[in-house]
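Written out below as structure tokens is the structure these notes cover.
The values are calculated or read from the model by the stated rules, or taken from the named source; none is laboratory data. None of these values were measured; they are calculated from a predicted model. Neighbour counts are summed over all protein chains in view; Cβ atoms, including those assigned to glycine, are modelled from backbone coordinates with ideal geometry.
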Amino acid sequence: MSRKLKGIAAAPGVAIAPIVHFHATLDHIPTWKVGDGDVDAEKARLSYAIAEVTRHLESLQRELSGAIGKHEARIYDAQLGILHDQTFRREVEAEVAQQRVNLEVALQRVIARYEGVFAAMENASMRERAADLRDIGRQLVGALLTTERQKYTANGIDYLFAAEEFLPSDAGILDRAHIRGIVTAQGGKYSHGAILARSLGIPSVVGVDQVMLESNTGTLAVVDGDAGLVILDPTHEELHDYEQRLLEQRSLDRRIAEVRFQPSVTTDGTEVHLLANVEGVRDLDALEVDAISGIGLFRTEFAFMERRQFPTEEEQVGMYRRAIDRMRGKPVTFRTLDVGGDKPLGYFRMPEERNPVLGWRGIRLCLDWPDILYTQIRAMLRASAAGHARVLLPMVTTRSEVVRCRDVLEQLLQDLRATHVPHDTKVELGIMVEVPVLVNVLPDLLPLVDFVSVGTNDLVQYLLAVDRDNPRVAKMYDPFHPGVLRVLQQIADAANAAKKHVSICGEIAGDHWFTPLLVGMGYRDLSMAPVFLPRVKLMLRNFSLPECQDLARRAAAMDSTRAVRKLVQEEILQRWVASLHAGPEEPVR
């Protein structure tokens, strides 16, 4: 029976291979007392170790520059900077001289103190730099003990790298011809190890805390770097599905290159705006601005969650301004703070709730703490002076909530005008439809807003009464349920009748099997994680609008989820497979 372990999607793609466990080779650190006459000798050993590690890192940097480019290889500049930091060196030498401990122990102590400093930092990406310190410490001690990590040779066999964490120096021991994926117990999406994995094109999942205990070297596994999932001992059906995805991926890469910057249109010219979901300013640099229509969902809560106190208005203006500047006039939709439920703030005391997903979260929390809402919307308005900003309200359930937020927006606009603070006077206000009760009253709310965005992750969960993170019922979470399709159609019909923009920003927007159905329902804005944009565009360019409308109508009329999935298999999948083998821009029928 297969075992599924959830982690953090760090590098996209799918890999299937046996796991190979990698362990740090410095399990035993020698300890001895340093005499008065031996302090200088320990300092000389430090000079030797720094020189050896410098030589190794510079060699690794040159080697990888050809594979990932010089810009990405600058990751190693950070480690070289630590190595040659004079403050760091003086602290290590002082530890030896004052505590009379050998250099290996001194290094461990100083690096532990530095790690504590990084761990206390507000910025998550800076906290993840502690891994660089650990890596430097491991390399320096290895050089002192003349313990060089040998390059792993897979003897022609594909493998998955599994370890407690993937550190930058680990790239030097990989058999890159045969490594297929990386899975680690620790680490974050923005660690240097994760950045390297993405640059090398190695599918990776990090933060899978049980992977080293649940698996052994030789365990067959699937690494799904798109979903952040590791499957140990996959079943025949799971293996078949992922093998098909691998075959698809090879053809997909070619087709994606062909349509990468082509218009997002159906075969008969109907335009569909494909937008990106982003989790913060760190995602901005990786966006291909020319290939998207804007940012359809900027999740501001992640910037709040990474900190140890609420960001000031000025800090928020800077963050939102970066997103607007990056989009060069294309719209950026900022969702107001959506914490609570599964996204708590460590510095903000929230009540204990039996069911927090249905509790004090989203716009409910912000209206109860208006200072948070005022500061955030004011920062968004100030940032909007540089481009096109939209404000999106999450977890709306009543008309009165929208009225109160509209009043806040109008009051802030009036204040900014009175004080001559630059801003966009045409900032749009929108609501997320993610609570089922809102669907039937949506026509009453539409006159108050400029656009609607459907948050299908929560909407589907609430419609089906299924917690998708609960393994006992997760298999029942299926957005292809005919009831879900009919609700989505109802939302699109109401918004289009009121001539309001309507978009999908939940996960199904990035599911290319859903693309023809959503377009057929009337959605013309789809916002998704950037990794899914090429697949959705390719699918879109293989159907006409009448075909999409026919598929959506028939799917919603079916009596079971199985019937809908059969329709997808027989008509959408077949068109997709044919498109992967078609010539450049060759129409598929």
**Asked** What single numbered condition from (1) at pLDDT 95 or above; (2) under 29 Å from the mean Cα position of the chain (by Cα); (3) surrounded by fewer than 18 Cβ atoms within 10 Å (Cβ to Cβ) fails to hold for Tyr462?
**Response** (1)
**Asked** Is one or more of the residues making up region 277-290 part of a helix (DSSP H, G or I), closer than 22 Å to Asp525 by Cα, modelled with pLDDT of 90 or more and not assigned by TED's automatic domain parsing to the domain that holds Phe161?
**Response** yes
**Message:** Residue pairs, Cβ under 8 Å, 6 or more apart or interchain, first in region 4-27 and over 21 Å from Arg138 (Cβ atoms), second polar (S, T, N, Q) and at pLDDT below 85. List them.
**Reply:** Gly13/Gln249; Val14/Gln249
**Prompt:** For residues in region 263-292 being buried (at least 20 other Cβ atoms within 10 Å of the Cβ) and of a type in the set (A, V, I, L, M, F, W, C), which is farthest from Arg198 (Cα to Cα)?
**Reply:** Val272
**Request:** Please state which one of Pro479, Pro422 is more than 24 Å from Ser527 (Cα to Cα) and touching a residue at least 24 places away in the same chain (Cβ under 8 Å).
**Result:** Pro422
**Request:** Determine whether region 57-68 contains at least one residue that is without any contact (Cβ under 8 Å) to a residue 40 or more places away in the chain and farther than 16 Å from Asp170 by Cα.
**Result:** yes
**Asked** Can you tell which of Tyr152, Tyr159 is of a type in the set (Phe, Trp, Tyr), touching a residue at least 60 places away in the same chain (Cβ under 8 Å) and crowded, with 18+ Cβ neighbours inside 10 Å?
**Response** Tyr159
**Asked** Scanning for something within 15 Å of Lys537 (Cβ to Cβ) and either in contact with a Lys or Arg (Cβ under 8 Å, 6 or more places away or on another chain) or assigned to a helix (DSSP H, G or I) (or both), does region 238-250 turn up at least one residue?
**Response** no
**Request:** Tell me, yes or no, whether region 215-228 has at least one residue that is under 20 Å from the mean Cα position of the chain (by Cα), modelled with pLDDT under 90 and within 16 Å of Ala130 (Cβ to Cβ).
**Result:** no
**Prompt:** Here is a list of conditions, (1) under 24 Å from the mean Cα position of the chain (by Cα); (2) of a type outside the set (A, V, I, L, M, F, W, C); (3) surrounded by 18 or more Cβ atoms within 10 Å (Cβ to Cβ); (4) not assigned by TED's automatic domain parsing to the domain that holds Val339, and Arg245 meets all of them except one; can you say which number that is?
**Reply:** (3)
**Asked** Going through region 386-429 one residue at a time, which ones are surrounded by fewer than 20 Cβ atoms within 10 Å (Cβ to Cβ), of a type in the set (Lys, Arg) and within 21 Å of Arg322 (Cα to Cα)?
**Response** Lys426
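Each row is one residue, and each column tells you yes or no for (1) over 17 Å from the mean Cα position of the chain (by Cα); (2) surrounded by fewer than 24 Cβ atoms within 10 Å (Cβ to Cβ); (3) modelled with pLDDT of 95 or more.
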position: Leu517; (1), (2), (3): yes, no, yes
position: Met521; (1), (2), (3): yes, no, yes
position: Arg524; (1), (2), (3): yes, yes, yes
position: Phe532; (1), (2), (3): no, yes, no
position: Ser544; (1), (2), (3): yes, yes, yes
position: Glu547; (1), (2), (3): yes, yes, yes
**Prompt:** Of the residues that make up region 73-85, is at least one over 26 Å from Ala171 (Cβ atoms), under 28 Å from the mean Cα position of the chain (by Cα) and modelled with pLDDT under 85?
**Reply:** no
**Request:** Give the residue, chosen from Ile508, Ile504, that is within 15 Å of Ala556 (Cβ to Cβ) and buried (at least 19 other Cβ atoms within 10 Å of the Cβ).
**Result:** Ile508
**Prompt:** Only one of these conditions is not met by Ala97: (1) crowded, with 18+ Cβ neighbours inside 10 Å; (2) farther than 30 Å from Pro530 by Cβ. Which number is it?
**Reply:** (1)
**Top-ranked residue in region 293-327 [being modelled with pLDDT of 95 or more and assigned to a loop (DSSP other than H, G, I, E, B); ranked as surrounded by the most Cβ atoms within 10 Å (Cβ to Cβ)]** = Gly294
